[in-house]
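One structure below.
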Amino acid sequence: MNSLPFPKPLNCKVIDHYILFLKEILGTGSYGSVYRGLDLETKTCVAIKQVTFSKKLKSQKSPISQMTQALRNEVMNMRLIDHINVVKLFDVKKSSNNFYLICEYCSQGNLEAYINSKGGQLSVTESLRFIRDIISGFRCLYSKNIVHRDLKPANLILHKNKLKIGDFGFSKFVDHEMDAQQILSQVGSPLYMSPQILRGESYSSKTDVWSLGVIWFQMIYGHTPWNGKSAFNLLKEIEGNDLIFPDNPQLSKEIKRLIGGMLQIEENDRFSWEQIFKVKLLEEEQENSFNLEKSLCELEAEYKQDEFLRYKALNQLYFQQNKVAKVPYNEEDSAKEEMGENYEKIIENQVKKEKEWAVIMGVSAWILHKRNQTAFISIFCLRLLDLILNKTFILRSELYHRFIFLGLKSQMMVLYKLYMRINMGETQEFKRFTMEDWVLFLGNPVSKALLKTLTTDLTIVKTLFTRCLDQTTAYIASKTRNGEIIGKLKTLSSVCDNNLGDKILFESVFNEMLRDFAGYFYGYLKKNGLEKEKDMLEFGYLLKIVFNRKGVFGWKAEDPLDFLKLYEEIENVKIASINEIFSFES
């Protein structure tokens, strides 16, 4: 064993050149608990899984050495895997009572906890992202002839916003065809076990496909497709009840087909991994960066004579692709630690860095929450423009200019304020977090990544806002009589400028416009018999959200609004009449 540069710390174990901190429990897995540890050679944090020999195992005739060799064989196979979506196994150690599996340290918890933090279910979009991560990891496992056999949310670990397959305590290397039903061991977690395991029959790598289908269904709907108090009852439920997809959220035919194919009871009918690997929808998602210059060139050719429509199309294209921005994960490699005063201090520093990272993520989430609100307003305004251009809705000129200009300016004001706070390093007091939190955020590369997103947002919105400002200014001038501005245009003129700082006055004018517009919209639909027209009802639902935006978009640090879920709710909402949205008097 290596000599220690410091005295052995309390509440720890020294395993060769690793230190296991007994008070730092990260979780539990098959056959053991997982602890935070330290690799003295690389000076990095690791996760150490301790597997204890039971008295029963020790009393069996089969010597411990045979069990040791079997475990070492599996470990040897796992150490061959080096993939971004599989938790890396670095080393294995053995004492007289325990095995120690030294693994990659992951800082964001498991999928089970993440789903719970999102209210028990995820958006379809986010669930698809995670399914792609799992499938990406299984491409590697499949190529090495490894069957996991205990795939479940608790064994899927998040690190740097990537999902990784972990806990290979029940995994098995097979030396035959992966789709051949030759494995007999009954292992795994009942809710996610395939019918073959529950029956005690032989099975193949398709047992993991079944588990994947259960996980995907659970992520979307908040519960597994079948439940049972025991393995026997669960099997009875599976065999006696067809797979039923709830009405909400609605799924595409393709996703239903994929989940259904994964959850075929008999292995001969179930998708194989090779079939899954060929599905285009399930391929790894590529980063979709918006090419502003290219988009402008293409739109210029299409809208040669109308600059306003050209920039309207640009905004539509951009915000459809970027309606929900994600927190960029640019965490520096904070796992590496310089030797400090002692081992406890090293771990203490690491815990401190993780807490700081949580603060940075919290500030980032708030900024993106505000940013995603502006994207929603953009989609709302652009939807109205479509209704007007398609002659589905006729809006009087005065209300049209108020609506479009104020909607675009509200975007500009929020984006500009966020941009200035980051770009200029503003350090005024915040309601949402402390000054220390803000300074910490500004010092991290994540702030620069968010600034880049906001810069692109502002560039796109400004193209349309500038043209709208010119049009609105000209319209107000055309309605001015003897130096006197007529009607509601007078209040509009008070904010019809490039001043993006006077929030109180603007909010008053904006809210007045929304009240006037909502009343006009409701009256128009009633007058023209459009109370049940689909496009108008969908827009009315957006209008209701914007009208109640303070309640809908209110920031909750512990339970932030999931914009992906909100958009799916809007797509799936079923409204029979405009009266279900508003109750204005006609």
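Rule-based calculations on the coordinates, nothing more; no lab input. Model, not experiment: these values are computed from the prediction. Quick reminder, even Gly has a Cβ in these numbers, built from the backbone with ideal geometry, and neighbours come from all protein chains shown.
Screening the chain for whole DSSP H helices with an alpha carbon extent of at least 18 angstrom along the helix axis and a mean Kyte-Doolittle hydropathy of at least 0.0 yields 124-143, 206-221, 343-389, 397-423, 445-478, 534-547. Extension gain, Val75 to Glu239: 0.36 nm times the residue separation minus the Cα-Cα distance gives 55.5 nm.
Less than 20 Å from a label point 7 Å out along the Cα-to-Cβ axis of Leu317: which backbone N atoms in segment 429-464 qualify, by residue? Of the residues in segment 429-464, 453-464 have backbone N under 20 Å from the label point off Leu317. A simple charge model with +1 on the Cβ of Lys and Arg, -1 on the Cβ of Asp and Glu and nothing else charged puts the dipole of the chain at about 640 debye relative to its Cα centre.
Taking 19 Å as the cut-off, the amide N atoms of segment 489-515 that come nearer than this to a point 7 Å along the Cα-to-beta-carbon line of Lys527 belong to 489, 513-515.
One decimal place: the segment Asn390-Glu538 gains 51.8 nm when fully extended, by the rule 0.36 nm per residue minus the C-alpha distance. For His17, nonlocal amide neighbours, meaning residues 5 or more places apart or on other chains whose placed amide H falls under 5 Å from its own, are Asn2. Cα-based values for segment 111-282, radius of gyration first and Dmax second, are 14.9, 43 Å. Given R0 = 22 Å, the distance between the Cβ atoms of Ser96 and Asn11 translates into a calculated FRET efficiency of 0.60. Would you tally the net charge around Gln250, using a Cβ to Cβ cut-off of less than 9 Å, leaving Gln250 out, and scoring K and R as +1, D and E as -1? Charge balance near Gln250 sits at -3. Once you've got the Cα coordinates, tell me which of Lys355/Lys452; Lys88/Lys345; Lys323/Lys409; Lys162/Lys431 are over 22 Å apart. From the list (Lys355/Lys452; Lys88/Lys345; Lys323/Lys409; Lys162/Lys431), the Cα-Cα distance tops 22 Å for Lys355/Lys452; Lys88/Lys345; Lys162/Lys431. Normalised by 2.2 N^0.38 Å, where N counts its residues, the alpha-carbon radius of gyration of segment 356-419 equals 1.48. Look at Cys106, Cys297 and count the other Cβ atoms within 10 Å of each Cβ; fewest to most, that gives Cys297, Cys106. For His159, the amide hydrogen comes within under 5 Å of the amide hydrogens of Lys164, counting only partners 5 or more places away or on other chains and with H modelled in the peptide plane. Hull volume per residue, based on the alpha-carbon atoms of the chain and their convex hull, is 190 Å³.
Counting only the backbone N, which residues of segment 207-240 are under 14 Å from the spot 7 Å out from the Cα of Asp269 toward its beta-carbon? Only 238-240 pass the distance filter.
Between Glu484 and Asp559, the FRET efficiency from the beta-carbon distance, with R0 = 51 Å, is close to 0.55. By other beta-carbon atoms within 10 Å, ranking Tyr100, Tyr524, Tyr114 with the fewest at the front produces Tyr524, Tyr114, Tyr100.
Legend: calculated FRET efficiency, Ser295 to His223, from the Cβ-Cβ distance at R0 = 35 Å, rounded to 0.05, equals 0.25. The simple spin-label model puts a point 7 Å past each Cα toward its Cβ; for Phe277 and Lys256 those points are separated by 3.0 nm. Extension gain, Thr28-Asn498: 0.36 nm per intervening residue step, less the Cα-Cα distance, totals 163.5 nm.
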